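J.: Here's a structure for you.
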Amino acid sequence: MPRFLSAQTDTRLITLPWSVPLADWPAESLVALPRGISRHVVRFVRVGREVYALKEVLEHLAIHEYRTLRDLTRLDTPSVEAQGVVTERYDSAGNPLDPILITRHLQFSLPYRSLFSRGVRQDTVNRLVDAMVVLLARLHLIGFLWGDVSLSNTLFRRDAGAFAAYLVDAETGELHDQLSDGQREHDLTIARTNLFGEFCDLEAGGLLDDALDPLVLVETIESRYRELWAELTGVEEFDGTEMHRIESRVRRLNALGFDVAELDITTDFDGSTIRIQPKVVDAGHHSRRLIRLTGLDTEENQARRLLNDLDSYRARTDQQNADEAIVAHQWLTDRFEPVVTMVPGDLRGKLEPAELYHEVLEHRWFLSEDAGKEIPVEEAASSYMREVLAKLPDEQIALASETTMLGLANPFDPSQGFADDDYVKPYDPWEDDASEEAAEEAPQAAAFLDIAALRNRKSKGDLPT
Ligand SMILES: Nc1ncnc2c1ncn2[C@@H]1O[C@H](COP(=O)(O)OP(=O)(O)OP(=O)(O)O)[C@@H](O)[C@H]1O
Ligand SMILES: [Mg+2]
């Protein structure tokens, strides 16, 4: 009998064919979903409505990764969630089999290869790179040494026009109280090597835009990381007449999506020089506020956008003094849910509800600009379903198999490549659509991790509050 190590076992997992090597599991237990390249055998299974990722791996590695992923989840870091480890597996002849690590499948996530296989614009690559940089800085802030930073070990989710990156492979990771500069440099060296290899690989496969150079990309990642780290942790010194700089620093950090838990402020004995060093914590202020108010669990940028909409709803309905939780409930039933339930059944798998609502708000803005007057949200929503959603690629798991897995030699193991070399990659209207907006989007996307630009904007006083 196999043994389950888990804080909370999903009992439906017990009946899976544990005595069969994972590579030979019958197709009826598996779901074909896009995934990254891996050394180990990885498969996805569906039990009830839940999808799990299974990885066959040596026992000490499986247990180490299980514990590390649990720690990362406890610390609220973006990573996949460990569900358990199955040990003491034997095949029908009594030979031992390697244990299996079980993680929850990260819904709506895309490995970078699926993103690139549809062809991506330069601007999209920049946003991916930013997401990766933020993930690495966040992990380092909590004292996590990754040890195997790579695109294959990262999953991406769309987040209100940007991307959010998640750690998927914690096999080599170590959690410390704090990382030394040397440890961070170690991760950066690994990142450089792995990412350079991965970008070259994409280039060789004709999947990288001609304008992009692997070496330049890797250097960009490194310099953005260093800038972000300096902004997050650097000591700033100024004289007593420049107190506003404390606030500017906090605002810049907020604009980068981080919260400041404490500011370590010291003055020299005559009070003329002030030193500040922020203690930055995990971002997520907006998503925590939104989940508290509405129960919607979203990415940070989506939450910010939805909260803006909630605030304008509040102003419009003249409820500034009403209880926030009550207004939020009204907004959810009057605004959010009607839009989400308008999606026809066959299009449900396309986008996650919060992303869909965000897209409808964007679409409405464009329509209103065109018309020179405000378009009602219901009207914008039906136009969006008709004109845009129906043409988008599917992101949800149930449908992913039909689109992204098309043409693979083995749909359960994308690492075996395409069955037919002449196979033409699926066309992605996301990219097509976006290219028209690229000109407008670019300054905003570039500004996200462009700390110099943030400093300038701050001096002009137009940072979000
Ligand atoms: N919980 C999950 N949700 C979604 N995708 C997942 C999940 N777990 C694994 N994957 C997919 O499977 C791929 C391989 O997983 P992982 O990186 O853990 O394997 P590995 O063999 O340890 O990799 P490496 O070769 O880097 O050691 C990932 O890139 C990801 O695409
Ligand atoms: Mg991996």
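J.: Among the residues of region 187-195, is any touching a residue at least 12 places away in the same chain (Cβ under 8 Å), of a type in the set (G, A, S) and over 18 Å from A131 (Cα atoms)?
T.: Among the residues of region 187-195, not one is touching a residue at least 12 places away in the same chain (Cβ under 8 Å), of a type in the set (G, A, S) and over 18 Å from A131 (Cα atoms), which makes the answer no.
J.: Turning to a different aspect of this structure: Contact list please: Cβ distance under 6 Å, first residue in region 33-53 and in contact (Cβ under 8 Å) with a residue 60 or more places away in the chain and away from ligand 2 (no atom under 14 Å from the Cβ), second residue assigned to a loop (DSSP other than H, G, I, E, B) and among the polar types (S, T, N, Q), pairs at least six apart or on different chains.
T.: P34/T404
J.: Mind telling me which of the residues L135, L207, L215 ends up being in a helix (DSSP H, G or I), more than 15 Å from ligand 2 (Cβ to nearest atom) and among the hydrophobic types (A, V, I, L, M, F, W, C)?
T.: Exactly one residue qualifies, and that residue is L215.
J.: Here is a follow-up. Does L141 satisfy the condition of being surrounded by 19 or more Cβ atoms within 10 Å (Cβ to Cβ) and within 29 Å of L61 (Cα to Cα)?
T.: In short, yes.
J.: Those residues that are within 14 Å of ligand 1 (Cβ to nearest atom) and surrounded by fewer than 20 Cβ atoms within 10 Å (Cβ to Cβ), I need them from region 69-82; list them, please.
T.: R70, T73, E81
J.: What is the one condition in (1) surrounded by 17 or more Cβ atoms within 10 Å (Cβ to Cβ); (2) outside the structural domain of V134 (by TED's automatic domain parsing); (3) more than 15 Å from ligand 2 (Cβ to nearest atom); (4) at pLDDT below 95 that L115 does not satisfy?
T.: All conditions are met except number (2).
J.: Let me ask you something else. Assuming I14 fulfils every condition listed in (1) more than 25 Å from G143 (Cα to Cα); (2) within 16 Å of ligand 1 (Cβ to nearest atom) apart from one, which condition is it?
T.: (2)
J.: Right, another one. Quick one: what pairs do we get from region 158-182, first residue at pLDDT below 90, second in a strand (DSSP E or B) and within 12 Å of ligand 1 (Cβ to nearest atom), C-beta under 6 Å, 6+ apart or different chains?
T.: F163/F156; A164/R157
J.: What single numbered condition from (1) within 12 Å of ligand 1 (Cβ to nearest atom); (2) assigned by TED's automatic domain parsing to the domain that holds A7; (3) touching a Phe, Trp or Tyr at 6+ places or on another chain (Cβ under 7 Å) fails to hold for R89?
T.: With (1) within 12 Å of ligand 1 (Cβ to nearest atom); (2) assigned by TED's automatic domain parsing to the domain that holds A7; (3) touching a Phe, Trp or Tyr at 6+ places or on another chain (Cβ under 7 Å) applied to R89, the lone miss is (1).
J.: Output the number of residues of region 313-336 satisfying the condition of being part of a helix (DSSP H, G or I) and modelled with pLDDT under 80.
T.: Going through region 313-336 one residue at a time, the tally reaches 2.
J.: Further question on the same structure: When you scan region 249-264, do you find a residue that is at pLDDT 85 or above and farther than 16 Å from L145 by Cα, even just one?
T.: No, the conditions are met nowhere in region 249-264.
J.: Here is a further query. Are any of the residues in region 54-70 in contact (Cβ under 8 Å) with a residue 40 or more places away in the chain, part of a strand (DSSP E or B) and among the polar types (S, T, N, Q)?
T.: No, region 54-70 has no match at all.
J.: Does region 46-59 hold any residues that are within 13 Å of ligand 1 (Cβ to nearest atom), at pLDDT below 95 and hydrophobic (A, V, I, L, M, F, W, C), and which are they?
T.: Listed by number, the list holds a single entry, V51.
J.: Next question. What's the number of the condition D169 fails, among (1) part of a loop (DSSP other than H, G, I, E, B); (2) of a type in the set (D, E, K, R); (3) within 12 Å of ligand 1 (Cβ to nearest atom); (4) surrounded by fewer than 23 Cβ atoms within 10 Å (Cβ to Cβ)?
T.: For D169, the failing item is (4).
J.: Now for a separate question. Conditions: (1) touching a helix residue (DSSP H, G or I) at 6+ places or on another chain (Cβ under 9 Å); (2) within 11 Å of ligand 1 (Cβ to nearest atom); (3) of a type in the set (G, A, S). A62 meets all but one. Number of the miss?
T.: Condition not satisfied by A62: (1).
J.: Here is a follow-up. For region 37-51, give me each residue that is closer than 20 Å to N153 by Cα and in contact with a Lys or Arg (Cβ under 6 Å, 6 or more places away or on another chain).
T.: H40, V42
J.: I would also like to ask the following. Applying the selection to region 2-32, what residues are in contact (Cβ under 8 Å) with a residue 12 or more places away in the chain and aliphatic (A, V, I, L, M)?
T.: L5, A7, L13, L16, V20, L22, A23, A27, L30, V31, A32
J.: Which residues, taken from region 18-45, are more than 16 Å from ligand 1 (Cβ to nearest atom), part of a loop (DSSP other than H, G, I, E, B) and modelled with pLDDT under 95?
T.: Within region 18-45, just P26 meets the criteria.
J.: Name the one entry in I102, I63 that is hydrophobic (A, V, I, L, M, F, W, C) and surrounded by 19 or more Cβ atoms within 10 Å (Cβ to Cβ).
T.: I102
The values are calculated or read from the model by the stated rules, or taken from the named source; none is laboratory data. Keep in mind that this is a model prediction, so the values were computed, not measured. Positions of Cβ are generated from backbone atoms using ideal geometry, with glycine treated the same way; all protein chains shown enter the neighbour counts.
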